[in-house]
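The next block holds one structure in the form of structure tokens; read it before the comments.
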Amino acid sequence: MSRILAIDYGTKRTGIAVTDELQIIASGLTTVNTKDLLQFLKDYIKNESVELFLVGEPKQMDNSASESEVHILPFITTLEKVFPKIPIQRVDERFTSKMAFQTMIDSGLKKNQRKNKALIDEISATLILQSYLYSK
């Protein structure tokens, strides 16, 4: 089997999570500068088989699109062009940042460590991926 790769897209940083090859476990992979994201994905896919991209879909409480969606849609268009054989699915990412922060607290990270926004992005991507796996 191939991996599923989840992307928590941000204008500065993007969190990435991935499944194991059996698609059972979601693990945080890394956080990359968004300007380096496509190259990171190209390099990763050279070494690993990916069958699906999950891209977080930020929504408001009333289910309307979040303001950040205007940045995500052009990225998705580029992703489709660069990787035409890998399908893309959107996953509601409401509350993932808050849940990521709470996960950091629950795991005992000190206040200084919880300020690491890159770690929050990576955990958010993991939560997006985990919610997708639960829904399958």
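Every read-out reported here was derived from the displayed coordinates using simple, explicitly stated rules and does not represent laboratory data. Predicted model only: the values in this text are computed from it and were never measured. Counting neighbours? That spans all protein chains shown, and the Cβs are built from the backbone with ideal geometry, glycine included.
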Given H placed 1.01 Å from N in the peptide plane, which residues other than close sequence neighbours of Gly10 have an amide H under 5 Å from its amide H?
Gly15
Peptide ranges 29-42, 5-18 listed from the most packed, as the mean C-beta count within 10 angstrom indicates
5-18, 29-42
Using amide H atoms built in the peptide plane, which far-off residues or other-chain residues are under 5 Å from Ile25 H to H?
Asp20
How far, in nm, would the chain grow between Glu21 and Asn33 when pulled straight, counting 0.36 nm per residue and subtracting the alpha carbon separation?
1.8 nm
Spin-label model distance (nm) - Lys81 vs Leu133, 7 Å beyond Cα toward Cβ
3.3 nm
How much length, in nm to one decimal, is gained on full extension between Ser68 and Lys117, taken as 0.36 nm per residue of separation minus their Cα-Cα distance?
16.0 nm
Each residue of the stretch 47-52 in order: what ³J(HN,Hα) in whole Hz does its phi give by Karplus 6.51 cos²θ - 1.76 cosθ + 1.60, θ = phi - 60°, with x for Gly and Pro?
9, 10, 8, 10, 9, 7
Most exposed to least, judged by fewest other Cβ atoms within 10 Å, Ser49, Ser124 sort to Ser49, Ser124
With each pseudo-label sitting 7 Å past Cα toward Cβ, what's the Asn47-Lys12 distance in nm, one decimal?
2.7 nm
What are the ³J(HN,Hα) values, in whole Hz, obtained from phi via the Karplus relation 6.51 cos²θ - 1.76 cosθ + 1.60 with θ = phi - 60°, for each residue of the stretch 127-136 in sequence order, with x given for Gly and Pro?
5, 4, 5, 4, 5, 5, 4, 4, 6, 6
The answer for Val55, listing residues at least 5 apart or on another chain whose modeled amide H is closer than 5 Å to its amide H, is Ile7, Gln89, Arg90, Val91
